[in-house]
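Below is one structure, written out as structure tokens, with a few remarks after it.
The values are calculated or read from the model by the stated rules, or taken from the named source; none is laboratory data. What you see is a predicted model; the values in this text were computed from it and never measured. Cβ sites come from the backbone with ideal geometry, for glycine too, and all protein chains shown count toward neighbours. The accessibility values were calculated without ligands, DNA or RNA, using every heavy atom of the protein model including side chains. Shrake-Rupley method; radii C 1.70, N 1.55, O 1.52, S 1.80 Å.
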Amino acid sequence: MVDLALEQAYRERLTAALPGVRDAIAEAAAGVGRDPASVRLVAVSKGHPVEAAAAALEVGLTDLGENRVEELEAKLAQLGRRARWHLIGHLQSRKAARALAAADLIHSVDSLKLAERISRLAGELGREAIPVLLQVNVSGEDTKGGFERSSAHESLLEVVDLPRLDVRGLMTMAPFTDDERVQREAFAGLQELLQELRRQRPNVGGELSMGMTNDLRAAVAEGSTMVRIGTALFGERETAGGPDA
Ligand SMILES: *Cc1c(COP(=O)(O)O)cnc(C)c1O
């Protein structure tokens with residue numbers, strides 16, 4: 001059952017928070033001559049109850065992000081396909097089939113093994129092409145998942161050439177810092193990698209999933225097409241656990 005009072009509280013919170021987030025996107029976009037409409041806002045409802053996700057839809061958000069398959073499935077069961085569902089957290093191979101069924105876009109394909117599994121499953125399920133982003137670890141911090149930047153290029157090509165994967169672009173998490181220069185450098189690195197990849201494989205899409213609450217402006221300035229915003233919209237999460245929890 002949905003708790004209506006709680007949903008109302010989230011709606012008020014979102015109504016207050018959303019203009020600030022949209023303004024930050026618009027300012028950062030304007031600063032580099034980009035159209036703010038080219039940046040999709042993915043509201044990361046992970047760690048918040050289904051009421052938060054429902055409220056997000058009511059205030060006009062259309063894209064919801066979750067980092068665990070179980071939590072995505074639970075919210076999907078209540079809200080259905082009114083939202084576009086983004087899986088943004090690490091995906092274990094054994095849960096790949098569930099992710100394929102539930103998510104509209106998987107941002108976190110972070111290994112050749114997982115990509116091969118998704119490709120194989122798509123064949124078994126008779127699915128045409130599964131839309132995915134490939135996650136790259138641009139900072140080299142070992143707490144961050146993804147293809148290692150040093151070896152990324154070769155392995156990314158291998159993934160792109162797998163059947164039944166529709167590689168729409170790349171995703172990353174910047175190093176955790178308030179230094180905007182460091183953030184921008186990380187995001188610029190992902191942009192560069194995507195351009196290089198697209199020169200060699202024109203079938204790769206142009207999406208760059210980058211930017212969270214802490215580094216939203218830097219990401220938009222460096223060409224992000226999808227920002228993944230949790231805290232700035234919904235407030236602090238109750239459950240501890242970082243980006244990959
Ligand atoms: C939690 C999470 C976010 C949102 O982070 P906030 O700092 O709350 O905006 C974005 N991306 C990923 C991969 C996450 O796990």
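Here is how the numbers come out for the structure above:
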quantity	calculated
Search result, residues across the stretch 25-40 that are surrounded by fewer than 20 Cβ atoms within 10 Å (Cβ to Cβ) and within 16 Å of the ligand (Cβ to nearest atom)	R40
Test: residue in the stretch 44-51 that is out of contact with any Cys (no Cβ under 8 Å at 6 or more places or on another chain), farther than 22 Å from A152 by Cα, acidic (D, E) and in contact (Cβ under 8 Å) with a residue 40 or more places away in the chain	yes
Out of L112, L100, sole residue that is free of Cβ contacts under 8 Å to residues at least 60 places away in the same chain, open to solvent by less than 30 Å² (accessible area, probe 1.4 Å) and more than 17 Å from V227 (Cα to Cα)	L100
Tally of residues being within 16 Å of the ligand (Cβ to nearest atom), part of a loop (DSSP other than H, G, I, E, B) and under 18 Å from V2 (Cα atoms) across the stretch 49-61	1
Count - residues of the stretch 72-88 that are out of contact with any helix residue (DSSP H, G or I) (no Cβ under 8 Å at 6 or more places or on another chain), surrounded by 22 or more Cβ atoms within 10 Å (Cβ to Cβ) and not hydrophobic (A, V, I, L, M, F, W, C)	1
Residue selected from the stretch 3-43 under the condition outside any helix (DSSP H, G or I) and touching a helix residue (DSSP H, G or I) at 6+ places or on another chain (Cβ under 6 Å), by the criterion farthest from E70 (Cα to Cα)	V32
Qualifying position, being among the hydrophobic types (A, V, I, L, M, F, W, C), within 16 Å of the ligand (Cβ to nearest atom) and more than 16 Å from Y10 (Cα to Cα), among L100, L64, L76, L72	L72
Single unsatisfied condition, T231 versus (1) buried (at least 16 other Cβ atoms within 10 Å of the Cβ); (2) within 16 Å of the ligand (Cβ to nearest atom)	(1)
Selected residue (only one of S151, S209 is of a type in the set (S, T, N, Q) and in contact (Cβ under 8 Å) with a residue 24 or more places away in the chain)	S209
Pick from the stretch 167-197, criterion farther than 13 Å from T225 by Cβ and of a type in the set (K, R), ranking: surrounded by the most Cβ atoms within 10 Å (Cβ to Cβ)	R184
Of all residues making up the stretch 199-223, the number that are part of a loop (DSSP other than H, G, I, E, B), open to solvent by 10 Å² or more (accessible area, probe 1.4 Å) and near the ligand (Cβ under 9 Å from one of its atoms)	1
Among the candidates K46, K75, residue that is closer than 18 Å to G211 by Cβ and either assigned to a loop (DSSP other than H, G, I, E, B) or basic (K, R) (or both)	K46
Residue satisfying all of: in the stretch 47-71; open to solvent by less than 20 Å² (accessible area, probe 1.4 Å) and within 13 Å of the chain's Cα centre (by Cα); farthest from A26 (Cα to Cα) among these	N67
